[in-house]
Structure formats: C-alpha cells, structure tokens
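This report refers to the structure that appears directly beneath it.
The values are calculated or read from the model by the stated rules, or taken from the named source; none is laboratory data. Computed from a predicted structure; not experimentally measured. Every residue, glycine among them, receives a Cβ derived from its backbone with ideal geometry; neighbour counts consider all protein chains shown.
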Amino acid sequence: MAALLPLALALLLWQPLLLATTRAAQSSERRVVAHIPGDIIIGALFSVHHQPPADKVHERKCGAVREQYGIQRVEAMMHTLDRINADPNILPNITLGCEIRDSCWHSAVALEQSIEFIRDSLVAADDADEARGGGGTRCADPGATPMKGKKPIVGLIGPGSSSVAIQVQNLLQLFNIPQIAYSATSMDLSDKSLYKYFMRVVPSDAQQARAMVDIVKRYNWSYVSAIHTEGNYGESGMAAFKEMAGKEGICIAHSDKIWSNAGEQNFDRLLLKLRSHLPKARVVACFCEGMTVRGILMAMRRQNLAGEFLLVGSDGWADRYDVTDGYVREAAGGITIKLQSADVKWFDDYYLKLRPDTNLRNPWFPEFWQHRFHCKLKGHPQENPKFNRTCKRDSLRQQYAQDTKMGFVINAIYSMAYGLHKMQKVLCLGTPGLCDAMKPIDGAKLLEYLMKTNFTGVSGENIQFDENGDSPGSYVIMNFKKMGKDYYDYTNVGSWDNSGLQIDDDEIWPSKDAIIKSVCSEPCAKGQIKVIRKGEVSCCWTCTPCKENEFVFDEYSCKACDLGSWPTDDLTGCDPIPVEYLRWGDPEPIAAVVFSCLGLMATFFVTFIFIIYRDTPVVKSSSRELCYIILAGICLGYLCTFCLIAKPRLVYCYLQRLGVGLSPAMSYSALVTKTNRIARILAGSKKKICTKKPRFMSACAQLIIAFILILLQLGIIVALFVMETPEVVFDYPSIREVHLICNITNLGVVAPLGYNGLLIMSCTFYAFKTRNVPANFNEAKYIAFTMYTTCVIWLAFVPIYFGSNYKIITTCFSVSLSATVALGCMFVPKVYIILAKPERNVRSAFTTSTVVRMHVGDGKAASSAASRSSSLVNLWKRRGSSGETLSSEPFSNGKSVTWAQTERNSKGSHLWQRLSFHIKKRENNQTADELEELMALTPPSPFRDSVASGSASPNSPTSESGLGPTPSPKYECLVLRHYSQSSSSL
C-alpha cells in the first residue's frame, strides 16, 4: 500500500486533467488500442495516423493512416515481441505483451493516450488491492471502457517526435515509468535533471546539427537561410545549427519557423521571404519534419521556384518518399541526413506476407489496406465506402519501402527486453519466470538496469547508453537527384560520424563549376581583408587591401610587420628585410676610397718633401712643427674613409668617432695656433712704441698650445664614449630599409663638430685679420682662403648630414674635402716653390721689401712741433748726407706716405727704417708747419728665421696696402719719426 501512495498523490494532482481529457475523448472519435496480453506489458506510442490538419487541431481528429511511421512500426513491435518470446535466452518463462496507441504525431493526442496508460496502471493497482483486501468499493465512470484483466505498462516505446516525447515524459516520470525513444533526437532530452526516465537509441540532434554544418561548410556556402519546424525538435536542432554555423563563419540570411500542418498561405509567405534573399542565399538549411519539407516543396511548385533553392534537410526528411512524391523537380539536388541503420530483412519477410484477412491483431491494418490500394474490403466491419474498387489481389510488395528508422524501433524494444532480463536475473536469482521480487515492477530499479544495457543491435551495431541516456550513432548522407528521364531517387553519397564528414562530391555535382554558390560577398583577393558593412551580417563585407607594410593577420584585420621585417609575397606573415650597409663595390664607396687614396698619396708626398727640405727657408718660414701636425691631421682625415665604409663592427665604431672628430681638430688646432701668432705679431707691429716682445712665440710654446687644443677635442670624444658607448645597431631610415650602422646620436655628432667649428671660426677670424702681409710672402692669404673654403664645406655638411640618409658618404667626403683643401691651399704652393722654383727658396725671398709704411694723420703735438722742427730738419739732412735717397709718393689718402731707401748689407743683415709722418691739417688758413720726430723700437716681425746659427736676427716691418685715392688735402705741418733696426730674415 505504501508503494501506491505516490500514485494516489499523482492521481489527485492529475484528476482534473483526467476528467477533462475523458470528456474530450468521448466527444471525439473513439481511440483504437492494439493489445497483446502477456506477463509483462510494454506500452508503445506510434504515429499510426498523420497529425490533425490545422482546421481540425481543436478536435484532435487525426489525418490519414501512415504506412512507414505507423503500420510498419506497429507490426515491427508485434513481430519483435514474437521473436523475443520465442527466444529462450531472453526472459525465459516470461511472456511479453504490449499495448500500442496512436499518437497521431501530435502532442495533445499523445498526452491523451499517455493518460490512458496511467489510468490503466492505477485501475490495475486498485484491482490488486481489492484482491488482497477484499472489501473495498470503487466508483467507476459508467462511460469508461471496462479495464478488467489489463496490466499496467512497465515502460514505454516511443513516441517518434521530440516535442511529443517531451510532453509524454513530463507525465510518465511522475509515475516512474521508463521511456525509450527510437527517433526523438532533441538535445533538451539529454538533460537528466528534467527528463530522468528518458532514454533513446538514437544520437542527440547536436551531432546531426554538426553534420549539417559540415556539409554547408564543405561547399563554402557562407550565406544560407534557415527553416525549422515549430516545436522542440526543430527549435532545439536549429538552435544548435545556428550556434555551430556562427562559429564556422556561416551567416543566416533569413531564419523562420512553421508548423508542419500549416496552411498553404503560410508556406507561400515563407517562400516569399526566402525569395527576397535570392540570388545570394540559394541554400536553405531545413531542420524540419518530413511534412514540413513537403509543404515547402508544394509552395515552390505554386511559385514556380523549382531549381532556385537547394535544401539541406535533417533526418526528419532523410530518404522518405512520402516527402518527395509528386514534387521531385522541386526536391532535386536536396542533400539530407539519415540515421545510419541497415534494412531489417526478416521484417520484410514477415511484413510482405500480411493480409487483412489473416492479420487480426492489428486493428488499423484494414484501414491501412484500403487506403494503400484505394479499394474497399467488402463485408469487413471497417469497410470504407468512399472507394469503389474491391480489394482482391493486392500485395504490399507494390511500391514497398521499409521505414528508415525500423532498426531503431526494434532496438528500442530489445533494449526494454534486455533491461527486464537483467532485472529478472538479479532479483529472481536465476529462477525462471516472474518471481515475487519483481512484483510489482519498480520503474526506478528498472531504469538502473536499462542504463546498463549493452547488446548488439539488429544491424550489428553496439547498443549502449551514456550517462544522459543517449546512444552513439552515425549518419548517412543522401542526395535526391535525377537518375534518368523523369526518374528521381535517393543516393548514398557519404557518411558522418565523430571522425568527421566523408562525402563523394562527384556523386552530387557533375563538375566543380556546377556547385551552386550561396554567398553574400565573394572572397577577397590576396592581401585584402573583409570590412563588414554597417548593419549587415558578418558574411556581407567589402574587400579592402592592407597597407604595404601589413600582412593579413586574419580575414578581418591587417597587422603591421615589426621594424626590420616586410610582408611575404602571399601576405601571410613577415620575413626579415635584408640588412644593408656600405659595400666596397658600390659606386659611392669606390669614389670615396679612390679620393682618399689619392689624398693619402699626396699627403705622404708632401710630408716626404717637407722632411727632405726641412732646413730650407720655405719650410722653416711655415712653422714646420705645426705643419707636421696639420699633415698628420690631414692623413688621419683620409684614413677615416676606410673606417666609415667598412662593415660596422665595434672596433670600427670606436675608430669612426675618434677619427672624424680628431682629424679636423689636429689640423685646425695647429692652424689656430699659427694664425693667432701671426695676428699677435701684426698687432704688436702697429704699436707706436714697442715696449716688450709678445709671449709664447717659441716653437715649443706653439706645439704645447696646439696639443692642448687637440686634447680638449680628445676629452670631448672620450666623454661621449662614456655617455654613449659605441655599438653596432640597426637603423631604419624607412619601413622598407634596414641599415647596419654604428650607433651615434645627434649629441655625438654635434659636440665634436661644434668644437671643430669653433676652431674653424677662430682660424677664419685670425686669417682674415692677417690677410695683409708683405707682398713677397702671403701665407696668411692662403690660410684665409683655406678657412673660407672649409667653412663652406662644413656649412654644407650640416643640412646634408641631418637631412638625408647618406650620412656615412657625406661624412667621408666632407672630411676628405676639408683635408684636400688644407693640403692644396697651404702646402701645394710651398711644394711648388721647393720643386719647381728653387731659386725662390732662398732667405732673401722671405724678407720684407724696402718699401716701408708711413702713417700719415693729424698732428698730436702741434704746439711743440715748431720747437723741434730744427731737429727733424737736421735728421733729414743727416740721412740724406749718408747717401740714402728718400723719395716720397703723393699723399693718397691723407694718412700715409711711403718712402724708399737704399739697402745696406752689413754682416748679412738688412737695415730698414720706418718713417712715420704725422701731419696736421691746416686750420683757419694757417701756414705754419709743425714737425715732430719720435723714435721707437718696432716689435718683432711675424716673418722670421735664423740667418746664422746663434746670431740674433733683426726684425722687419709689415706692410699695408694703401687705401683708395682721395683728394689730396693740404697740411700745415709734418712730423717725421725715424726707426732704425736690424731686419729679420724669414
């Protein structure tokens, strides 16, 4: 009695539904039940009839009888039970019976029939209580069918539809009745928390959806429409298809759903929506029941759309002829999925022998026979008067096709039998027959044994259940195509299982060009990416090329290559860019090296000449010690070219910085020292009174000054070594170029260059000041020209170096050119004199001329000039009486007058006189002249060398060129100063 308590509670909950359903059943047609008695009863729900039409749904009046989904499955269950009962190895001494009801492929009808199953179970339980207790009274509905002798079902086979199976399972699990489905594939049914007592011998729709996606992907159909049957089967299957398709980049152009029994207008509206996406979306993925597909084909016929669409159907279509009959042209080309199950031969032998007069246990068989052959069974209780022909010699072999899911129906029945067999062996301890331990059969325990079932199916496959109650499976890929003139049929073109899709393309398409296209946008060319249009799905795009330094990272984005790499030819990645550096064979380095080699040879030649003729006047007069430093700097400048052009290495990087900065510093430091010395001597010579000799005039002092200036540059270079350690690095002047260079920043260039520029400007300044030297020796003029040219070179170097990519070549030529200018302007004239004009390489050629400078200007002591006029006159007379002739030139500028005197040779020395006349202009027409004689010793001449060993050399004056002619002024006095001193030899 305790075991029936849950059933009683459930009955109280479902009592209103049972009463309402019973009244509805009484008002509708009487439901037929196929019953075979036995020790254990197994229930079954088959779609013996089509589902109610749309206008008959509220009456739950089923449609026409079905052969494959209905009659064949009923007969398969009856004959399978016959085979099980005859098999001594399965449930010995126990007879299995069945109770088969019609679900009409409709949830409401199936739920109604399931309630009938439950009511039978409750009535049977009450009968058992009465038998044990004896005295109870039970009130029964007087209109109900008598249930005397019926036994409760221990489990249920079916139904075929997923949505119907869900409704039935929601009821059965309340009463712990296991359910094994043969074609319900919805993924929702795998959820054991919701459908604990549900099992199936077919795989989940998740695998079927995967197979459909693989087919669509194989032919690059990236833009498809999606249709599904309204209900759990189509909705859950299509949801899985869309999810997987989205991950594979397949876009849904249009998605819609429709009932299988919808009217023609609904199907026509659906086709109009699909038609609006032509010609891009030509493929329609249809997760539909068979009758839904047939409704689509009929709408295609009405709208003359044959050949416009290609349907990819699920196992609801499979290879069913009732779907395509009469609409083969519209269905041609369709690709469908069928659960893999071989035909059951022994069922054909049994089924094809059935006749209405001998098959009495199937209550729907006479109705089916008349419907199948369009005849009437005259005199039969179920005679159909709408047919005129009498059934005579008709045979089921005519247009026979076995149900494609026949193997799954039989495997489901065997699964229930093997589960009962395991339970009987355990509970009855090997005793044959139905023992008391099994009475009544506990559904929860039976479910445990069913989940452990493992046997070989009718087609040789292994039947077992996972933790979700699902069975593994595989699919056959079918293609419905034209086989001959007006003949269309299904062809096996491939298969699908967990290992993937195997399909024969040649069986479907006559050629590759015949494969239809179903895309929104054509694939992009190489090097282009997809840019999704705003408001469009991801399969509708505009192709945009990547930039020149980018490769195709994925189909929607480009990615720039790192510096130093460039996209490959196929734009799938980046390859390193070949590293460039100056090579000895390039035109520019060849020119620079040749130029430097010529310069080096010229420098060595000049150095050699200067060493050979080191004691000649032309070498001595040029400050030979400083000249050697200048020549060393010029040589180092030419050598820099080789370090700059060589392939960058660490040692070359050090030498580059050292040579480029130090070589000009050596030359210009010596030149600054030399020009500064000349300028100081010249400045001293212009003084009226020379009080003392300028300091640091010796050769040793000059060398020390030059080396100090060079060491300053060397200190700057060493400091830069510490701040910026030389390294070999890659330089990227552009995204397409990689240069191997020595690292050097702007500071590393500007600091040494700035110091050298300071030396150059100082040299130029002093050279300009000393440009007016004695006419017979104009080295200062050569220095000035050298500095002017050098300034031009280095001023041009700055913008070229910092504004171009030819930094190394620019540096090579700049250093070499500045060295060449110094060599050509300063040393070539001397070498020319030494080699070509030896007669000019004498001491007399480098002494000052007898032309002396007279400074003429306003008198400074006019008041005392008169008193000293006699002294000036006497001096004039004395010089004149000594045999010296003084000649004057006309006053050209009012400030100076030049006097010439005859030379005297005294012990190899030259005597010279400097006369300075200071003339005061006449004022207020005065005629008095004032003369003043001032005598002072002039400072040493800037041009000197020893005449004889140990002898002091007299000094000689410098000369200035006269200014331009001006009107001759009138003067009132003349002051003459006489300076006498030994001349210096150069």
Original post:
Mind checking whether some residue in the range 651-665 is assigned to a helix (DSSP H, G or I), under 58 Å from the mean Cα position of the chain (by Cα), β-branched (Val, Ile, Thr) and more than 16 Å from Leu817 (Cβ to Cβ)?
Top reply: yes
**OP:** Kindly indicate whether Val722 is in a helix (DSSP H, G or I) and within 15 Å of Tyr654 (Cα to Cα).
**Re:** yes
Subject >> the range 507-536 - residue that is modelled with pLDDT under 90 and acidic (Asp, Glu) and, of those, surrounded by the most Cβ atoms within 10 Å (Cβ to Cβ) >> reply: Glu536
Original post:
Do you know which residues across the range 507-520 are among the hydroxyl-bearing types (Ser, Thr, Tyr) and under 14 Å from Val224 (Cβ atoms)?
Top reply: Ser518
**OP:** Of the conditions (1) assigned to a loop (DSSP other than H, G, I, E, B); (2) within 60 Å of the chain's Cα centre (by Cα); (3) among the acidic types (Asp, Glu), Glu448 clears all except one; give me its number.
**Re:** (1)
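Residues checked against (1) in a helix (DSSP H, G or I); (2) surrounded by fewer than 24 Cβ atoms within 10 Å (Cβ to Cβ); (3) modelled with pLDDT of 90 or more; (4) not aromatic (Phe, Trp, Tyr):
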| position | (1), (2), (3), (4) |
| --- | --- |
| Gly155 | no, no, yes, yes |
| Pro159 | no, no, yes, yes |
| Asn170 | yes, yes, yes, yes |
| Gln173 | yes, yes, yes, yes |
| Ile177 | no, no, yes, yes |
| Ile180 | no, no, yes, yes |
| Ser183 | no, no, no, yes |
| Leu189 | yes, no, yes, yes |
| Leu194 | no, yes, yes, yes |
Subject >> Flag if Leu703 is assigned to a helix (DSSP H, G or I), over 24 Å from Ser814 (Cβ atoms) and either under 35 Å from the mean Cα position of the chain (by Cα) or modelled with pLDDT of 85 or more (or both) >> reply: yes
Subject >> Scan of the range 339-360 for residues that are surrounded by 14 or more Cβ atoms within 10 Å (Cβ to Cβ), among the charged types (D, E, K, R) and modelled with pLDDT of 90 or more, ordered by number >> reply: Asp348
Original post:
If we keep just the residues of the range 572-589 that are over 35 Å from the mean Cα position of the chain (by Cα) and not in a loop (DSSP other than H, G, I, E, B), which is surrounded by the most Cβ atoms within 10 Å (Cβ to Cβ)?
Top reply: Pro589
Subject >> Residue satisfying condition, being small (Gly, Ala, Ser) and within 32 Å of the chain's Cα centre (by Cα), within set Ser204, Ser255, Ser222 >> reply: Ser222
**OP:** Hey, could you check the range 85-102 for residues that are part of a strand (DSSP E or B) and among the hydrophobic types (A, V, I, L, M, F, W, C) and say which is farthest from the chain's Cα centre (by Cα)?
**Re:** Leu96
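When you look at Asp436, is it in the same structural domain as Gly158 (by TED's automatic domain parsing), free of Cβ contacts under 8 Å to residues at least 40 places away in the same chain and among the charged types (D, E, K, R), yes or no? Give the derivation first.
Numbers: in the same structural domain as Gly158 (by TED's automatic domain parsing): yes; free of Cβ contacts under 8 Å to residues at least 40 places away in the same chain: yes; among the charged types (D, E, K, R): yes.
Yes: the conditions hold for Asp436.
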Subject >> Qualifying position, being surrounded by 14 or more Cβ atoms within 10 Å (Cβ to Cβ) and free of Cβ contacts under 8 Å to residues at least 24 places away in the same chain, among Gln382, Gln402 >> reply: Gln382
Original post:
Does Pro510 satisfy being assigned to a loop (DSSP other than H, G, I, E, B) and more than 27 Å from Thr572 (Cβ to Cβ)?
Top reply: yes
**OP:** Keeping to the range 71-95, report how many residues are more than 14 Å from Val48 (Cβ to Cβ) and either buried (at least 23 other Cβ atoms within 10 Å of the Cβ) or in contact with a His (Cβ under 8 Å, 6 or more places away or on another chain) (or both).
**Re:** 3
